[in-house]
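For reference, the structure is listed below as structure tokens.
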């Protein structure tokens with residue numbers, strides 16, 4: 001297999017960082033009862049679908065974000081992209097150091113999120129419930145957002161470092177979810193004739 005260029009690899013980690021953020025935002029929106037309160041009928045009518053959708057977005061977020069910060073060379077990850085980009089001269093030592101410093105500022109968060117991914121998603125811990133896995137790893141939604149912000153920031157730093165323009169996400173996943181639920185509610189109202 002022919003190695004990919006650094007530019008292609010940076011594009012890939014940038015894309016994955018943004019996708020992880022979208023999955024996090026959708027997972028968050030699906031778990032905030034107050035945001036979904038107006039859509040009880042749609043949620044009740046398709047409760048298995050929405051329950052699965054929450055789990056799917058959570059799982060994909062955890063997989064994507066964990067892979068971005070792993071040292072496994074078989075995945076698209078920041079550690080190897082930064083090292084290879086520096087080695088090939090695609091980015092300077094200062095930028096490589098700044099990216100590493102930003103990642104190091106996360107402390108043990110990447111290991112704790114990997115623990116959640118492993119115990120809650122990948123291996124389904126036999127004695128811990130899913131919420132207990134998060135509690136044991138001391139992971140909160142704010143920490144997940146910080147983690148995701150770091151991924152997007154490092155990806156943007158790398159993209160600028162090779163002379164590219166970072167991706168700007170134009171969509172609001174939570175607004176898209178509300179639009180979808182509004183559509184379902186309206187459709188249900190038409191079919192049943194019942195007011196929302």
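The values are calculated or read from the model by the stated rules, or taken from the named source; none is laboratory data. This is a predicted model, so every value here is computed, not measured. Using ideal geometry, Cβ is built from the backbone for each residue, glycine included, and neighbour counts are taken over all protein chains shown.
Couple of notes before you dig in:
- Residue ID - surrounded by the fewest Cβ atoms within 10 Å (Cβ to Cβ), chosen from residues in region 137-155 that are farther than 17 Å from residue 64 by Cα and touching a residue at least 12 places away in the same chain (Cβ under 8 Å): 138
- Scan region 64-79 for residues that are surrounded by 15 or more Cβ atoms within 10 Å (Cβ to Cβ) and either under 18 Å from residue 119 (Cβ atoms) or free of Cβ contacts under 8 Å to residues at least 40 places away in the same chain (or both) and the total you get is 8.
- Once region 164-194 is narrowed to residues that are more than 25 Å from the chain's Cα centre (by Cα) and part of a loop (DSSP other than H, G, I, E, B), the residue that is farthest from residue 27 (Cα to Cα) is 193.
- Residue match in region 123-138 (condition: farther than 30 Å from residue 43 by Cβ and modelled with pLDDT of 80 or more): no
- Identity of the residue in region 47-63, under 16 Å from residue 184 (Cα atoms) and touching a helix residue (DSSP H, G or I) at 6+ places or on another chain (Cβ under 7 Å), that ends up surrounded by the fewest Cβ atoms within 10 Å (Cβ to Cβ): 53
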